[in-house]
Structure formats: C-alpha cells, structure tokens
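The values are calculated or read from the model by the stated rules, or taken from the named source; none is laboratory data. The model shown is predicted, which means the values in this text are computed figures rather than measured ones. Note: ideal-geometry Cβ built from the backbone for every residue, glycine included; neighbour counts use all protein chains shown. Just the protein is used for accessible areas: all its heavy atoms, side chains included, with ligands, DNA and RNA removed. Shrake-Rupley method; radii C 1.70, N 1.55, O 1.52, S 1.80 Å.
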Amino acid sequence: MGKSVSGGVRPGIIIEIEHRLLKQVIVGKQKAAASMFDELDRELEGDANKLAIERDAVFERLSKQIQTKQVFEAVSAQLITTVNSTLDNQLASPELLLKHSGINENQMLMLEALHQKNLDLNRLRLLISDLPWLCRDLTNIVNSASFRHQRQQRSDVKVTEIKLVLNFIGVENLRMLIPYFCLRNWLPTGHANLLWTTRKLWRYAMLTGIASKALAELNEQDAALAYTCSLLHQLGTSVVLKNGAKVYENIWGNWLREASSSRDKELYDAVLATEFPADNIYQQVLKHAPKLNWQLLGLLNFKQSALTQVQAELDQTLSYSELSDYAALVARASCFAKVLMLEEMRMISPKEKRLMYDYYELSEQELIRLKGQNYRKLDLI
C-alpha cells in the first residue's frame with residue numbers, strides 16, 4: 001500500500017495540480033461556459049473575439065517578414081516590460097490596491113453581519129442602502145420572472161423599496177445572494193482581455209462556494225460563514241487581475257495612439273499584435289493574491305474578523321492538518337472544485353484525483369454530498 005499524503009506539509013504534486021488549474025484559468029485559451037455569468041460582459045464577447053482575430057491576422061503577417069518580426073519582438077518585449085514594472089509598483093502597495101479593489105468597510109460589515117445568529121435586518125438594510133449596485137442587483141432578483149414564479153406572485157407591480165425587497169428575499173437567501181453579488185463586484189469585469197479568465201474564475205469561485213455550504217451543513221457548521229470565506233478567497237486574485245488588465249490596457253492604448261499619430265505602420269502593427277501578458281500576470285497572482293486576501297481586509301480594520309483570519313490561515317499555514325475548522329472546510333471545498341474543473345478539462349488523472357482527496361482528507365460521506373450538489377446555479381430557498 002502506498003504512503004498516505006494526508007494532512008501534512010503540501011507535497012509538490014499537490015501544489016503542481018493546484019497551480020495547473022490556476023494557470024489554465026488565467027493563461028489557458030480554453031473558453032468557459034458562462035453558466036451563472038451570462039448577463040455579465042455579454043457584449044464583450046464580440047469585442048474579445050474580434051480583437052483575437054485581428055491580432056492573429058497581424059501576427060501571421062508579421063511572422064512572414066523577418067525584419068518586421070524583429071521590430072515586433074523588440075517593441076512587444078519593451079511594452080510588456082513597461083507593463084510588468086508598472087504593475088510591480090502597484091502590487092507593492094496594498095493601500096493603493098485597496099482603492100481599486102471594489103471592497104470597502106460597508107461590504108465587510110455586511111458580510112460579517114450575515115453569519116451572525118440573530119441577523120439585524122434594519123442594520124443590514126442601512127448598509128445595503130449605501131451600495132447602489134447591490135440595491136439594484138437584489139431588486140432585480142425580486143422582480144425577475146423566475147423569482148415571482150417560485151413565490152407564486154401574480155402581481156405585475158415591481159418592488160422598488162429596499163425594505164420590501166429584503167423581506168421578499170428572506171434572511172437565508174440573503175446570506176447566499178449578498179456574498180454572490182459582492183464577488184461579482186470584485187471580479188475584473190469590463191476587460192475584453194480577461195473575458196474568458198473572468199468566467200472561469202467565476203465558475204471556480206461558485207463551485208467552491210456551493211461546496212463549502214454543503215460541507216458546512218453536513219458537518220453542522222455555520223454555512224453562511226464557510227460560504228462567504230470561500231468567495232472572499234478570490235478577492236486577491238480578482239484584484240491582481242483587475243489591476244493587471246487596467247495597466248496593460250492603459251499602456252497598450254497609449255502606445256497604439258502614439259504609433260498611429262507617427263504614421264509608423266510597422267510600429268502600429270507591433271503594438272497591436274502584442275497580447276495581454278497572461279503568463280506574467282499568472283506569476284503575479286501566485287506571488288501576491290494569497291496575501292492580499294487578508295491584507296486588504298486588515299487595512300479595512302477587520303484584522304480580528306473570522307473572515308480575515310481564515311484567509312490568513314489559508315495563506316500562512318504550511319499543512320492542511322494545522323488549519324482551523326473553517327479554513328479546513330474551505331480548503332476541502334476548494335480541492336473538490338479544482339478536481340471537478342480539471343476533470344471537465346481532462347487535465348487530471350484518476351491517481352492525481354485520489355491524491356488530492358487523500359491530502360485534504362475528504363471523507364466518502366462528504367464526497368457523496370458534494371457530488372449531489374447543483375453547481376450550475378445558486379439554489380434559493
């Protein structure tokens with residue numbers, strides 16, 4: 001019988017499998033099914049495809065001309081170096097990143113309130129009222145045809161008062177929906193270069209969230225806390241990707257305009273053909289995202305929050321066996337989500353799958369429960 005890998009310091013093979021998924025999410029060309037993300041960035045899909053076709057055509061032309069190809073390689077290398085150095089400076093300052101992260105004190109107070117046993121709806125309403133995008137998202141849910149049908153509401157009158165919206169949705173559904181919409185707000189939406197990356201990251205986040213909730217319920221733990229912790233675990237990755245896309249688009253756009261003004265076709269084509277540096281951004285995510293998950297929350301004065309402490313543990317604890325209950329629960333849910341996505345991509349062997357489940361000590365009962373979940377949509381009560 002082979003030696004068990006369960007619980008101890010993460011073996012290299014486990015790290016490699018986990019990084020394999022992250023690299024496929026950020027660098028891989030495979031397009032993701034939109035699933036629960038259909039309504040976001042739909043108009044970007046055409047732009048992303050058009051940009052890819054245009055770049056491919058220019059690159060194919062450049063590759064046939066040796067001298068022009070040399071110009072492309074020099075210009076492209078210089079552009080990417082400029083992007084990397086600018087992003088390095090930004091990532092060195094969590095305080096600066098916090099301003100562009102999409103998370104603030106109100107959201108944290110709200111997320112904290114959601115896993116309190118006696119949820120104060122009046123206090124929650126005041127916090128939500130200061131977030132117009134969340135008011136809109138929750139109101140749209142209540143006025144959607146599917147929600148009305150589920151609640152057997154026959155009235156065509158739209159609900160607009162946020163107090164009524166919250167009452168219609170109910171406390172248990174709010175515990176699922178609010179972190180869901182917060183995550184959507186943090187993700188790097190609106191960037192054609194990250195369209196497929198964002199969709200894959202969204203799917204991974206929701207798989208982990210739904211799995212965390214299922215494991216918490218099975219183990220009689222706080223499902224709202226586990227679910228929120230699992231979605232918060234994507235904050236750092238979202239921030240690095242969002243800033244990477246902004247830096248690239250600003251520099252690329254400026255260089256393209258300057259090349260157009262100079263009427264230098266070789267230079268213009270070289271800039272146009274320079275792709276988003278996904279490999280470099282992937283390395284930045286590996287380096288910075290796990291720390292940013294808890295550093296950003298600490299900067300908002302939530303260092304002692306259970307939500308923050310779980311993120312710090314997941315970053316700083318070397319072995320699974322040393323994790324606290326909720327950090328371990330998120331780690332197990334994350335393991336299941338990674339294996340599921342890698343299986344869909346046919347990028348994991350049965351042996352590697354068993355190693356992952358062994359290391360994270362997923363029991364047979366837990367696997368049965370996890371395999372029985374609906375991962376295509378967020379089921380409301």
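So which residues in the range 236-264 are among the hydrophobic types (A, V, I, L, M, F, W, C) and open to solvent by 30 Å² or more (accessible area, probe 1.4 Å)? Outline the logic, then answer.
Of all residues in the range 236-264, those among the hydrophobic types (A, V, I, L, M, F, W, C) come to 239-241, 245, 247, 251-252, 255-256, 259.
Within the range 236-264, Trp252, Trp255 qualify.
Is one or more of the residues making up the range 194-209 out of contact with any Cys (no Cβ under 9 Å at 6 or more places or on another chain) and open to solvent by 50 Å² or more (accessible area, probe 1.4 Å)?
The answer is no; no qualifying residue exists.
Determine whether Lys163 is open to solvent by 70 Å² or more (accessible area, probe 1.4 Å), in a loop (DSSP other than H, G, I, E, B), farther than 18 Å from Tyr180 by Cα and among the charged types (D, E, K, R).
Taking the combined requirement at face value, the residue does not satisfy it.
Where in the range 262-318 are the helices (runs of 4 or more DSSP H), entirely inside, with at least 2 residues that are modelled with pLDDT of 95 or more, under 23 Å from the mean Cα position of the chain (by Cα) and not β-branched (Val, Ile, Thr)? Steps first, please.
Details: elements: 265-272, 278-299, 306-316.
Ranges flagged: 278-299, 306-316.
When you check Leu370 against the structure, is it buried (at least 19 other Cβ atoms within 10 Å of the Cβ), out of contact with any Phe, Trp or Tyr (no Cβ under 6 Å at 6 or more places or on another chain) and modelled with pLDDT of 95 or more, yes or no?
No.
Take Leu232 and tell me if it is farther than 26 Å from Ile53 by Cα and hydrophobic (A, V, I, L, M, F, W, C).
Considered against the rule, which asks whether it is farther than 26 Å from Ile53 by Cα and hydrophobic (A, V, I, L, M, F, W, C), Leu232 comes out as yes.
Restricting to the range 157-191, name every residue that is of a type in the set (Val, Ile, Thr) and under 18 Å from Leu380 (Cα atoms).
As a first pass, look at the range 157-191 and keep what is of a type in the set (Val, Ile, Thr): 157, 159-160, 162, 165, 169, 171, 178, 189.
Hits for the range 157-191 are Val165, Ile169, Val171, Ile178.
So, Gln78, is that one closer than 30 Å to Asn254 by Cα, part of a helix (DSSP H, G or I), open to solvent by 60 Å² or more (accessible area, probe 1.4 Å) and modelled with pLDDT of 95 or more or not?
Judged against the criteria, Gln78 is a match.
Regarding the range 325-334, can at least one residue be identified that is modelled with pLDDT of 95 or more, farther than 22 Å from Val9 by Cα, open to solvent by 70 Å² or more (accessible area, probe 1.4 Å) and part of a helix (DSSP H, G or I)?
no
Take the residues of the range 120-152 that are of a type in the set (Asp, Glu) and assigned to a loop (DSSP other than H, G, I, E, B): which is most open to solvent (accessible area, probe 1.4 Å)?
Asp130
For the range 17-44, how many residues are at pLDDT 80 or above and open to solvent by less than 80 Å² (accessible area, probe 1.4 Å)?
Final tally of qualifying residues: 11.
Over 22 Å from the mean Cα position of the chain (by Cα), crowded, with 18+ Cβ neighbours inside 10 Å and not polar (S, T, N, Q), is that true of Asp222?
The answer is yes for Asp222.
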